[in-house]
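K.L.:
Have a look at this one before I ask anything.
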Amino acid sequence: GGRLVAAYKQRGSTRECDSYRALLVSSSLAKAFHSVYRTRVMKFVHQGAGDLQFTSHRSPSVSMAAHIIRLHQQAMQRRGRSAATLFIDIKEAFYCVIRQHSLPATFEDEDVFRFLNRMSVCDMHIDQVARLLAEGPSLEALGCDEHLLNIVTEFHRGTWFHLASDVQGPLVHTEKGTRPGDGFADVLSSLTFAKWLIRLENHLAAEEILSVVPWNDENNLMTSPGPSLITKGIVAWADDVAVMTDADEPLKIVDKLSYLTEVLVQDLQDFGMTPNFGHGKTEAVLDLRGRSSHSVRRKIFNEDKGQIAINTTLTHVTSLRIVHKYRHLGGYITHGCKLQPELQHRIAQGRKTCLDYKQKIYGNKAIPLGHRLQVLKATALTSTLYNSGTWSRMNAKETQRMGPRSDFAL
């Protein structure tokens, strides 16, 4: 257990609940216990992870996750094929995970349907979620020994929190979700995500919806097309999911994108999770090439106002938003592999960092120039060049933008 703190997101009205992020400040004793057994469970997390579920593999690299998406766009551009990347945002992913998918926590209610109703699973998906739970938890299926399984399960039978603003108030007992700040948060979310991800990948790969990714089993940027091909082009970093697909004709890629969105929404709901279709959340970047690409682009962005129709069980969700750029893993994925939005963002980040230290460091003549340069390299330059290894080759205009005459120059 621990204290639940409401942290303001620095955007939106302070009177709206959506403007706050719930953070659990776990007890030190719980963290000490969890760290011991978390280490023992991690080998099963690595073992059961999807091919491109980076946070669940050893030595994860956020640059690699972003790099694959950029390389996919560039490869399709060179081959003259239409490409699409669907970015998924899950509402309160850590808090909405049904932890019983990962470990055999005992239900207090004998009736599983009563339990699922309490988990906010809608009637339409209760049967499917019940069948998935009946398949058994991920840890058990991955061969976790009985003693360790029982200990981890016991840790999650009586989870609780109290509000930081009401310490003397009643404790809140929880049976759903795993909270950031808890030692097992990434373990349970990764196990549940892997179960969902592999199931979804197998479904879409069987129907030849996903793109093929050449791979040589390297976890860093020093990669090259190897002997293996991954036919399941879904990149996952924590709860950030990107689905890659391509086609030889513009109309085919639109149909593929619409279909995989519908399948993905259905699968998420089967696992008790819901995608967020708000602005900047679940959206797609679509790069149309080939015959009739102009007419298809005109229809989507002019007639349909940048949306494609989808058929889901979600209330008030009838379309998927198509955007020119999407903020993903600290950078921008753009239509046509353009670097300009990324460079503008990076320069702005560097300038902001410089302004933060301008008076205390750079304007302080008592600090030696060498020390000030060290601070500059460790803060502003690091912020500016974050993930620059994933960028494509810059043209003359982009090179000038990042050169000594750029807005970032001191």
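K.L.:
Name the single residue that is modelled with the highest pLDDT among those in the stretch 48-83 being within 20 Å of the chain's Cα centre (by Cα) and open to solvent by 60 Å² or more (accessible area, probe 1.4 Å).
P.N.:
71
K.L.:
Answer yes or no as to whether residue 356 is more than 25 Å from the chain's Cα centre (by Cα), surrounded by 12 or more Cβ atoms within 10 Å (Cβ to Cβ) and modelled with pLDDT of 90 or more. Before you say what the answer is, go through the steps one by one.
P.N.:
Details: more than 25 Å from the chain's Cα centre (by Cα): yes; surrounded by 12 or more Cβ atoms within 10 Å (Cβ to Cβ): yes; modelled with pLDDT of 90 or more: no.
Judged against the criteria, residue 356 is not a match.
K.L.:
Have a look at 272, 280, 290 and point out the one that is part of a loop (DSSP other than H, G, I, E, B) and out of contact with any helix residue (DSSP H, G or I) (no Cβ under 8 Å at 6 or more places or on another chain). Let's see the steps before the verdict.
P.N.:
Values: 272 fails: out of contact with any helix residue (DSSP H, G or I) (no Cβ under 8 Å at 6 or more places or on another chain); 290 fails: out of contact with any helix residue (DSSP H, G or I) (no Cβ under 8 Å at 6 or more places or on another chain).
Checking each option against the conditions leaves just 280.
K.L.:
Next up: I need a count of the residues in the stretch 335-390 that are in contact with a Leu (Cβ under 8 Å, 6 or more places away or on another chain) and closer than 30 Å to residue 74 by Cβ.
P.N.:
Selection size over the stretch 335-390: 6.
K.L.:
Quick check on my filter: what residues within the stretch 151-173 are β-branched (Val, Ile, Thr) and either part of a loop (DSSP other than H, G, I, E, B) or under 27 Å from the mean Cα position of the chain (by Cα) (or both)? Break it down into steps so the answer makes sense when it comes.
P.N.:
Taking the stretch 151-173 as the starting set, the residues that turn out to be β-branched (Val, Ile, Thr) are 151-153, 159, 167, 172.
Residues satisfying the conditions are 152, 153, 159, 167.
The values are calculated or read from the model by the stated rules, or taken from the named source; none is laboratory data. Values in this document were obtained by computation on a predicted structure and should not be read as measured data. Heads up, the Cβs are rebuilt from the backbone with ideal geometry, glycines too, and the neighbour counts pull from every protein chain shown. Accessible surface areas use protein heavy atoms only, side chains included; no ligands, DNA or RNA. Shrake-Rupley method; radii C 1.70, N 1.55, O 1.52, S 1.80 Å.
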